[in-house]
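Just below is one structure, and these are the notes that go with it.
The values are calculated or read from the model by the stated rules, or taken from the named source; none is laboratory data. Nothing here was measured: the structure is a model prediction, and the numbers come from that model. Quick reminder, even Gly has a Cβ in these numbers, built from the backbone with ideal geometry, and neighbours come from all protein chains shown. Ligands, DNA and RNA are excluded from the accessible area calculation, which covers all protein heavy atoms including side chains. Shrake-Rupley method; radii C 1.70, N 1.55, O 1.52, S 1.80 Å.
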Amino acid sequence: MRVGMLTSGGDCQALNATMRGIALTLYKQVKDIEIIGFKYGYKGLMYEDYVEMTPDDFKDILNKGGTILGTSRCPFKKMRVIEDGFDKVEAMKKTYKKLKLDCLFVLGGNGSLKSANMLAEEGCNVIGLPKTIDNDTWGTDYTFGYQSAINIATNYLDQIQTTAQSHNRVFVVEIMGHKVGHICLSAGIAAGVDVILLPEIPYDIKQIAKVVKKNVKNGKNYTVIACAEGAISKDEAKLSKKQYKLKIAAREGHSVIVDVANELAHYVDSEIRVSAAGHAQRGGEPCPYDRLMATRFGMMAAELLLEGKFGELVVLKENVVTSIPLSETAGKLKYVDVDGEMVQNAMRMGISFGVKN
């Protein structure tokens, strides 16, 4: 048996742990197995850039961050675009067939899984594994990397709280989450911030100002605002998609936290600072929970191969690791449930989401 694996899209914690879970299960269950590792995601599959892996490659990587295979972003919308005569899809299929692969394991987020589904529709045996710190893959309760990112974001917010308190400042802190706000929501609650701004809940700057003023009135001279990088104001939410893109482009590199800080300065007298947790949220070693989940996902992916179940995505449902068809998740996002328990109870305990409760 010969199988391939690749890691695609943004990096995150527990990619190595997941590959280890796949490999160790296959080495134990299959007498004659070859594992091909494609370097830098789909680019490795396109350009036949790969390594023949051995059991030694999977030693001591359970707690190792990043990905031993490397990764790259290959947007799904460009997959079928032929550039300079190069057909990406045909090149990937050619490599798959040339290497006589029995299966390709794809560790990736939403765009990468759309490409995985495309390859499955093109006749390749593909099994997907949900990798993203954003936890926004539709069809699974959890994506590996998420808890590690929450831990880092929470720790960052904790550290900001102490300096904000020392200087009586308002801090607007950027947390990763371009389209969905799962990390910001969880880390914000865990860190006990005053305000959480999410892409799913357009904010009113006047409501944020009310929180700052109320804190000062009650003797708390500092405020911490956890702001997802895709947070959007009520006025921005009224714009067309094209108009909003133009506004983002007009920022000339600065993020939404600068807009929030500048808008807020018109309503409060407090000193305002901005800070971003940044790519550290993707980095470092995976936390124990992610190592566990990655291993469980990897073992299930191997079992799907042994059962001959292809075109599937490994998922977690009610703490049971199972699978769903890749076609069911492709092109869908799992957004924060605005009416769900986490948001509504956070509001009840006094956390503001920049809207009138």
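Rounded, prolate or oblate: which fits the stretch 159-224, taking a ≥ b ≥ c as square roots of the Cα gyration tensor eigenvalues, rounded meaning a/c under 1.5, else prolate when a/b beats b/c?
Judged from the Cα gyration tensor, the stretch 159-224 comes out oblate (a/c at least 1.5, b/c at or above a/b).
Using only helices, what value at 222 nm comes out for the chain when you add -39,500 (n - 2.57) per DSSP H run of length 4 or more and divide by the total residues, to the nearest 500 deg cm²/dmol?
Computed mean residue ellipticity for the chain: -12000 deg cm²/dmol.
Summarise the accessible area of the stretch 167-221 (1.4 Å probe, protein heavy atoms) by the percent that is carbon and sulfur.
Its accessible area is 48 percent carbon and sulfur atoms.
Take every DSSP beta bridge whose two residues both sit in the chain, then give the antiparallel share in percent to the nearest 5.
Rounded to the nearest five, the antiparallel share is 30 percent.
Select from SER240, SER327, SER275 the residue whose mean-square fluctuation is largest in a Gaussian network model of the chain (Cα-Cα springs shorter than 10 Å).
SER240
Of the cross-linked pairs LYS206/LYS356; LYS39/LYS131; LYS88/LYS179, which ones have a Cα-Cα span greater than 21 Å in the structure shown?
The answer is LYS88/LYS179.
Just the number please: accessible area per residue for the stretch 199-279, 1.4 Å probe, all protein chains included, in Å².
Value for the stretch 199-279: 57 Å² per residue.
Which angle between 0 and 90 degrees, to the nearest 10, do you get for helix 288-307 versus the longest principal axis of the chain when only C-alpha atoms count?
Long axis of 288-307 versus the principal axis of the chain: about 30 degrees.
Are there trypsin sites (Lys or Arg not before Pro) in the stretch 165-255 that DSSP puts in a loop and that have at most 12 other Cβ atoms within 10 Å, and which ones?
Sites meeting the loop and neighbour criteria: LYS238, ARG251.
Across the chain, where is the longest run that never hits GluC sites (Glu not before Pro) in a DSSP loop with at most 10 other C-beta atoms within 10 Å?
1-251
Mean-square fluctuation check for the chain, GNM, Cα pairs under 10 Å: which of VAL170, VAL216, VAL126 is largest?
Most flexible of the set in this elastic network: VAL216.
Take every DSSP beta bridge whose two residues both sit in the stretch 1-138, then give the antiparallel share in percent to the nearest 5.
Antiparallel: roughly 25 percent of the beta bridges in the stretch 1-138.
Explain nothing, just the number: relative contact order of the chain, from Cα pairs under 8 Å at least 6 residues apart, as a whole percent.
For the chain, the relative contact order is 24 percent.
Roughly how many debye, to the nearest 20, is the charge dipole of the chain about its Cα centre, given +1 on each Lys and Arg Cβ, -1 on each Asp and Glu Cβ, and no other charges?
Using only the charged Cβ atoms, the result is roughly 620 debye.
Quick one: angle between helix 88-98 and the longest Cα principal axis of the chain, in degrees between 0 and 90, rounded to 10, please.
Between the helix axis and the principal axis of the chain, the angle is about 40 degrees.
R0 = 22 Å: FRET efficiency of GLN165 with LYS247, Cβ-based, nearest 0.05?
Plugging the Cβ-Cβ distance into 1/(1 + (r/R0)^6) gives 0.05.
Count the lysine pairs in the stretch 213-325 whose Cα atoms lie under 23 Å apart, taking only pairs 8 or more positions apart in sequence or on different chains.
Step by step, the pairs that qualify in the stretch 213-325 add up to 7.
In the stretch 323-357, what trypsin sites (Lys or Arg not before Pro) fall in a loop by DSSP, with at most 14 other Cβ atoms inside 10 Å?
Taking the stretch 323-357 and a limit of 14 other Cβ atoms within 10 Å, the loop trypsin sites (Lys or Arg not before Pro) found are LYS332, LYS356.
Determine the dipole magnitude for the stretch 62-203: charges of +1 sit on the beta-carbon of Lys and Arg, -1 on that of Asp and Glu, nothing else is charged, the reference point is the Cα centre, and the result goes in debye to the nearest 20.
With only Lys, Arg, Asp and Glu charged at Cβ, the dipole is about 600 debye.
Working from Cα positions, state the angle (0 to 90°, nearest 10) between the long axis of helix 241-250 and the longest principal axis of the chain.
Tilt relative to the chain: about 70 degrees.
Could you list the chymotrypsin sites (Phe, Trp or Tyr not before Pro) in the stretch 238-294 that lie in coil according to DSSP, counting only those with at most 16 other Cβ atoms within 10 Å of their Cβ?
TYR267
Rg(Cα) of the chain divided by 2.2 N^0.38 Å?
Scaled against compact globular proteins, the figure is 1.08.
With unit charges on the beta carbon (Lys/Arg positive, Asp/Glu negative), name the residue among ILE35, ALA226, GLY9 whose Cα is farthest towards the positive pole of the charge dipole of the chain.
ALA226
Counting only DSSP beta bridges with both residues in the stretch 1-78, tell me the antiparallel percent, nearest 5.
50 percent
What is the stretch 254-357 by shape, rounded, prolate or oblate, if you read a ≥ b ≥ c off the alpha carbon gyration tensor as root eigenvalues and call it rounded for a/c under 1.5, prolate for a/b larger than b/c, and oblate otherwise?
Judged from the Cα gyration tensor, the stretch 254-357 comes out prolate (a/c at least 1.5, a/b above b/c).
Let me check against my output: what whole-number percent is the relative contact order of the stretch 226-357, with C-alpha pairs under 8 Å and at least 6 apart?
11 percent
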